[in-house]
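What follows is calculated from the coordinates using simple rules that are stated; it is not laboratory data. Since the model is a prediction, treat every value here as computed from it, not as a measurement. Note: ideal-geometry Cβ built from the backbone for every residue, glycine included; neighbour counts use all protein chains shown.
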Amino acid sequence: MSTEGRAAVEPLLGFADTLPAAAPNASAPAPTLHLLTFTLDREEYGIPVTQVREVIRVNSITRVPQVPAHVRGVANLRGRILAVVEIRTRLGLTEGVVTPSSRIVVVEVRGRVLGLLVDRVSQVTKVPVDSVVPPPEEVVTAETDFLTGVARWDSRLIMLLELDKVLLLNG
Amino acid sequence: MTLEENPFGDLLQDYIVECLPLAEEVGHAFVELERRWRDGEPGDELLASVKGRLHTIKGNSAMMGLAPMRDVAHALEDACGFLGRAAARRGDEAAALLVSGGGLLVDLIGDASPETDGTAAKAFVEEVRRFLAAAPESSSAERDRRQTDRRGQPRIGEGDGAGNVVRVDFRRLDAMLELLGEGLIQHSGLTELYRRLQRRVGACPEMEELDQTVLSLQKTLTRLESTLMETRLLPVSTVFGRFPRLVRDVAHAEGKKVRLEVTGGETTLDKAVLDRLGEPLLHLLSNAVAHGLERPEDRAKAGKPPEGVLRLQAGAVSGRVAIRVSDDGRGLDADAIRARAESLGMDVRTADTAQLHNLVFVPGLSTAERVTTLSGRGMGLDVAASVIHGLGGTIDVESLPGRGTAFTLSLPVTLAIVRSLIVEVDRERYAVPLSHVAETVRAEPEAIRQINNQGVTQWRGDLIHVADGGAVLGTGGLSGAPRSYYVVMTAGARRRGLLVDRLIGHQDIVVKGLDPALGRPPVVSGTTILGDGRVACILDVVRILEGAGHVN
Amino acid sequence: MAESFLVIDDSKLLHQMYRLIFSQGDLAGSTVHYAINGREGYALLAAHAELTLVLLDLNMPEMNGLEVLARRQQERLHLHVPIALVTTESTEDDEARGREVGAWDYLRKPFQPSDIQRLVRRAREQRRERGAA
């Protein structure tokens, strides 16, 4: 699914500027979670902003022959090779189609830097900690393994992902 | 006075450059001496020859404030002086003492620093003292003033002794190389941009000037690259130096008599390659001693001299370095390999002897028991081979029953920047290292025939297999149109053609490693970034020629 | 007046050490000749009558320090030039033998820059005295 043209990757959200010093904001009246939320098949997912380095447009993902499942390929991140994970298939959905609103979320988890291919990215969202509940028990899918909880907030349902599990970093 | 307070502290690197080769020569001489004494020869001239070197090492170490090295050299001098007079004491105990002292001296000097610990040196000095005291004719050892000829030996490292050598952290060289790599990528981008601009603007003096400037920049970068690469080059003797002693230890443990001949130590390799080469080479040597060479009695029965010969040769061959480990032992047992392969379920009916021999690199196929811990350290031939592959090298084996075995390694001189051929298959681009490309040929459909479901063609008088690029790379031939070219890829003695859509051109590419998330894709050895910013996979020619990636 | 010196030593490392020493203090700016063996050293000695001091290593292959001194004595070459014999250790017998063949002084390794400076000062004094005489 490679596209022509130069890899003009621009950071869309400058997290270096907007990242809070530490996760919970001491001056807020109640502890909040800062989440980066993105959409897969119209479902919303969230990960802690502290794990996100930047968000880039999808310019060109080079396929690598015979890699493990869920690895879409590699992309050029300002001269560094970034492995891009097809998070959709990891969560049991179909392979993604790259559209103009697709993005790669560059995350750093346990010292490893990887890219997540998502359909659409929303702004950083602050949700109160007490809006998070455990994943619903009646929905038992392989997917719930990857959730640390679900945030009900502002008429949105945001599924909080545990990136360690999603990216299989526990070895 | 410690090294730090020493006024000559800055000369530590020069000290190592001068004294390490001397210490290694002493070490080799001691190993040789041990052999001679076992055979009942006196070895006087050897004893005399090490005196001068030990004396120099002692003096230099004293000047540098390096007491451990000074003391070990002094103790060895005393021991040699004593043994020069007391011929009756020349035996296994004396030899072991000298050899261990020689090894200790090499280790101390090689790692010389203000922090060098003196414990091992003190223990050795004490050992020598006890050895000398136990002798009936002992007295304070008199040093022999007469110097003997010192054979001229090539020195390790550059520098004309004029203090022009500096010590640089290797990581800094890596960082510089990384920056140079970025520069090369940017230059590729610049060239691409020039082409696009030229199409839009057309010819004019400024475009001409731009073209010249871009070209000059490339020349400068290329020169910078080779200069930088040279700083990383070290002679292979830095790794070979430890082998004589280690081979001797293995021979001892295995009850074999071995003579190790080393040539080509001045051949240079990138430090990064050299650092990882030691283990596989040691394994090959140990393997040869443990399994290749017969016991002295068996050799005698076969009409061979009881002492086995192990050769380690290094040489540069057109941009690559060849290293050969050979022995004059019993050779590989092709029948045993065949039997073992079959017992593992492999189909080897049509395999010829050479192919059977090369099976020794397959995990689980070694017909010998796991090598002893001393030599093996958990490494098998399969692991050694994959380490060498990981360095972008190849390894082949030849063997004649009853005559011996030879392993030949071919390694790229440097790791980081590789001249490559860029090809396109099914709209994806790939890089093929030029060192593995014999030729590119226009593909005429009639010239390629199908035999047993495999494409074959005539190439330079040989019949070679030709595989479809899309099949090997798993992209399956999107266009449906026939491929225009095939690339004849080579690795060691193997050749194979790969059908591709387009030949894009030659390019210097910066090799970037594979992210662990990608696992171990069988046909890709790395990635690189092309001039247009796209990532391209670098084909692992060695694995492809072994059959990886073929769709069954 | 620029001074000149001669170093005869088979160790490149020692050459570098001497270079360091002769670049400091009042020795800076002087000319230093370097020889890597006894033969070369002898030739350089023959070519330079104005040397303030010669530093001669004792233990060298082919032609050692004692042999250089003995040859100079026999050929009566530049006997006014002070030659210091540099050794790693020496006994009284060694020193006696050295003086027999004309060694002016001894320098034991390991030595410090100050040891060389002291030798140079004494060599200069001797030269002044001789010049005055």
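If I take every Cα pair under 8 Å that is 6 or more residues apart in chain B, average their sequence separation and divide by the length, what percent do I get for the relative contact order?
Relative contact order for chain B comes out at 10 percent.
Run the Debye formula on the Cα coordinates of segment B:417-545, all scatterers equal and no solvent, and tell me log10 I(q)/I(0) at q = 0.12, 0.16, 0.20 1/Å. One equal scatterer on each Cα of segment B:417-545 leads to -0.43, -0.77, -1.19. Using just its DSSP H runs of length 4 or more, each adding -39500 (n - 2.57), chain C gives a mean residue ellipticity at 222 nm of -14000 deg cm²/dmol after division by all residues. Please report the net charge: other residues with Cβ closer than 12 Å to the Cβ of A:ASP119, K and R +1, D and E -1. Cβ neighbours under 12 Å give a net charge of -1. Legend: mean number of C-beta atoms from other chains within 10 angstrom of residue C-beta atoms, peptide C:108-114, equals 4.
Please work out how much length the chain gains when fully extended from B:LYS122 to B:LEU190, using 0.36 nm per residue of separation minus the C-alpha to C-alpha distance, in nm with one decimal.
18.3 nm
Taking a span of 20 Å or more along the helix axis (Cα atoms) and a mean Kyte-Doolittle hydropathy of at least 0.5 as the rule, the DSSP H helices of chain B that qualify are B:92-110. Prolate is the label for the protein assembly as shown, because a/c, from the alpha-carbon gyration tensor with a ≥ b ≥ c as root eigenvalues, is 1.5 or above and a/b exceeds b/c. Ordered by the count of other Cβ atoms within 10 Å of each Cβ, fewest first, B:ARG543, B:ARG90, B:ARG427 give B:ARG427, B:ARG543, B:ARG90. Spin-label model, B:LEU463 to C:ARG39: label points 7 Å out along the Cα-to-beta-carbon direction sit 6.5 nm apart. Sorted fewest first by neighbouring Cβ atoms within 10 angstrom, C:TYR42, B:TYR15, B:TYR194 come out as B:TYR194, C:TYR42, B:TYR15.
Each label was represented as a point 7 Å from its Cα along the Cα-to-Cβ direction; for B:LEU217 and A:ARG112 these points are 3.7 nm apart. As a length-normalised measure over Cα pairs under 8 Å and 6 or more apart, the relative contact order of segment B:417-545 settles at 30 percent. If a/c stays under 1.5 just call it rounded; otherwise compare a/b with b/c (prolate if a/b is bigger, oblate if not). Do that for chain B, with a ≥ b ≥ c from the square roots of the Cα gyration tensor eigenvalues. Judged from the Cα gyration tensor, chain B comes out oblate (a/c at least 1.5, b/c at or above a/b). Tell me the relative contact order for segment B:236-412 as a rounded percent, counting alpha carbon contacts under 8 Å between residues six or more apart. That works out to 25 percent.
Going by average Cβ density within 10 Å per residue, which order do the peptides A:49-61, B:117-129 take, highest to lowest?
Descending mean neighbour count gives A:49-61, B:117-129.
Averaged across the residues of C:57-69, what count of C-beta atoms belonging to other chains lies within 10 Å of each residue's C-beta? Please list the in-between numbers first.
Values: counts 2, 4, 10, 4, 9, 4, 1, 4, 1, 1, 1, 0, 0.
Mean shielding by partner chains, rounded to a whole number: 3.
The distance separating the Cα centre of segment B:34-64 from that of segment B:188-243 comes to 50 Å. For the pair B:ALA302 and B:GLU93 in one chain, pulling the backbone fully straight at 0.36 nm per residue adds 72.0 nm over the alpha carbon distance. Distance between the modelled labels on B:ARG172 and B:ARG85, one decimal in nanometres: 5.0 nm (7 Å Cα→Cβ projection).
Put simply, the Cα atoms of segment C:1-60 extend 30, 26, 13 Å along their principal axes, the longest span coming first.
Partner chain Cβ atoms within 10 Å, averaged over the residues of B:514-526 - can you pull that number for me?
6
If a/c stays under 1.5 just call it rounded; otherwise compare a/b with b/c (prolate if a/b is bigger, oblate if not). Do that for segment B:236-412, with a ≥ b ≥ c from the square roots of the Cα gyration tensor eigenvalues. It comes out oblate by the Cα gyration axes.
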